[in-house]
1. Distance cut-off 23 Å, Cα to Cα: go down the list 40/80; 339/393; 300/335; 40/119 and report the pairs above it.
2. Rounded, prolate or oblate, given the Cα gyration tensor of region 261-329, with a/c below 1.5 counting as rounded?
3. Sort region 305-443 into rounded, prolate or oblate with this rule: let a ≥ b ≥ c be the square roots of the eigenvalues of the Cα gyration tensor; rounded if a/c is under 1.5, and if a/c is not under 1.5, prolate when a/b is larger than b/c, oblate otherwise.
4. Would you list, by chain and number, the aspartates and glutamates whose Cα falls below 17 Å from the Cα of residue 556, excluding same-chain residues fewer than 8 positions away?
5. Go through 98, 496, 446 and say which Cα lies farthest out towards the positive end of the charge dipole of the chain; charges sit on Cβ, +1 for Lys and Arg, -1 for Asp and Glu.
6. How would 429, 454 line up from fewest to most surrounding beta-carbon atoms within 10 angstrom?
7. Could you pull out the pairs from 403/529; 41/186; 254/298; 249/390 whose alpha carbons sit more than 24 Å apart here?
8. May I ask for the Kirkwood hydrodynamic radius of the chain, worked out over all distinct Cα pairs and given in angstroms to one decimal?
Amino acid sequence: MSSNFSRLFRKSPLFRFFMLIFTLAVIGGGFSFFISLIKKKPVITEIKPELFTRGQEITIYGEHFGEPSDFTWIKIGDQKLASATCRQWNNSSISFTVPEASHEKLLSVHVNGKSSNLKFLADTDMLPAYHHKKNVFLQPQIESSNTDAAEIGKIISLYGKNFGTARNGALVVFTAANEILNKTVKLSDHPSINGAICSPVNFDYDYWSDRELRIRVPDGASSGNIFIITDQGTSNPYPFKLKNRVGSKIYTDKRSYQVVEEIEISNIVASKPNTFFIRMPIPPITGVQNNISILSIKPKPFVENFQDSTLHRFSDLEEGTNIRIRQEYMLDRYKVETKINPAAVRINAKMNEPLYAAYTASDTFIPANDEVIQKQSQSIVKNERNPYLKAKKIYTFLLNNIKPKQGNPEDAGKPIIAALESKLADAYDMSLLFCALTRAAGIPSVPTAGIVIDSNKNTYLHWWAEFYLEGFGWIPVDLGLACNMPFDSGVQDKKNWYFGNIDAFHIAFSRGIQRQTPMISNGRIVSGKRSYALRTIWEETTPSISAYTSLWRTPKVIAVY
């Protein structure tokens, strides 16, 4: 037998050719078999949500899902869903819309002939009734309202079910007609939601129960839809029409910024034990600034979001230790233009009394009750009763009677009344003087701190303000740029334009005064800095740290989209 094989192999080219083909086939098959053995089986670790409504998006989390191909699919019961039909398919997650015919099914992922573990999916509509009574796994549902139209600041009532017995961080969002929130939107998506979100800062939440809410129409709302977002998911859209007889507010010129914030600590003189707390401001979500995401924080903070900051803690520092903190964000910013009909502005109306109480109050930053401020405010507004015209008179007075000057670090800690008396002020002084004088005149106002960006992407510390009009909302004012501080923005007729309008080249790091509580009972606190946020605490140390140097760098813009 072996001799015949040997003779054929030596004398027949055709035999040798077939033997070569056979050998290659055996090698190829063996290789494929080997690859199939070492390829890892897909594994499902989690499905969100496990209970669904038909047509809802589901996300599968796990590993070894591979890439979309003709050999990758999802199986739900007897249905096969090709990877090409899924919205997203990568090695660790798959997102897809549940087919209409699916009810309670077993789900598995299939990759190149290998099947994952099974997971159970169930349609909420097919569950027994007692699940609905427990208010578990159910999204909020808006069934009716006491009105289908209202103006900014007006309280409206929403009726339905599954709102939750207490708010617990839940949100009410007003979106434009073309903005429909997906039912999978979660509370954790808050910074990236497009829409006007009811704000505790503006006292928009009046009453909350499982079947009824009373909320104020938030600043920036437009005609469109209302959504409620709880930890159980997002409600159905409920139609809403904005009444606006006072004027208009238009958001345009959206800019997406990548921003870096840094601080360096050096020359530490300390004995052990010791503790050093640093609070890095986080850009706030406002009507003109949203879709905020933290790209990186180095080093990892002690608390990522604490009193409008990332809180960093360092313990038992050696003398000579250097600390460097770097935080990177993405955010969207808009240009805002307002047009007001002064004749339509209400006089002496206060639908939102808590807001008036909070933002006409006097404090150490904004001394609205100071005798000098009170007298100056009264001399400016005289017998004027219209709040819009009062604010315009105060703005015009500051432009015409205070000379602009560039900011100086030595000014930190100086009261703003000194700027009024000397008739010299930088953008910080102008912003806080405007707020003090308008509050003294009974007009709610807040200062904003942050940076402003020039055409070369250079950034500068900057301060501006907003005042509130009944039935309309917040109106921006930038006395600094109206006076070419810190640079000439190139806006035509800037002294008029910056009353009621603001460009998209501002980034806020605080809106209003951020008040923090100390972490250390007998600690040393650094406050009163004229920096890119208005806050009561920046740095805090135990007494065993006797000296150090801190350098807070002006936040930089590293990319604009």
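Every number here is computed from the coordinates shown, using simple stated rules; none is lab data. The structure displayed is predicted, hence computed values, not measured ones. As a convention, Cβ positions derive from the backbone with ideal geometry for all residues, glycine included, and neighbour counts pool all protein chains shown.
1. Long pairs (Cα-Cα over 23 Å): 300/335.
2. Because a/c hits 1.5 or more and a/b exceeds b/c, region 261-329 counts as prolate.
3. prolate
4. List returned: 261, 262, 264, 328, 332, 454.
5. Among 98, 496, 446, the one farthest towards the positive end of the dipole of the chain is 98.
6. Working: 429 28, 454 15.
So the residues, fewest neighbours to most, are 454, 429.
7. Values: 403/529 22 Å; 41/186 31 Å; 254/298 29 Å; 249/390 20 Å.
Among 403/529; 41/186; 254/298; 249/390, the Cα-Cα distance tops 24 Å for 41/186; 254/298.
8. On the way: mean 1/r = 0.0360 Å⁻¹.
Evaluated over the chain, this radius sits at 27.8 Å.
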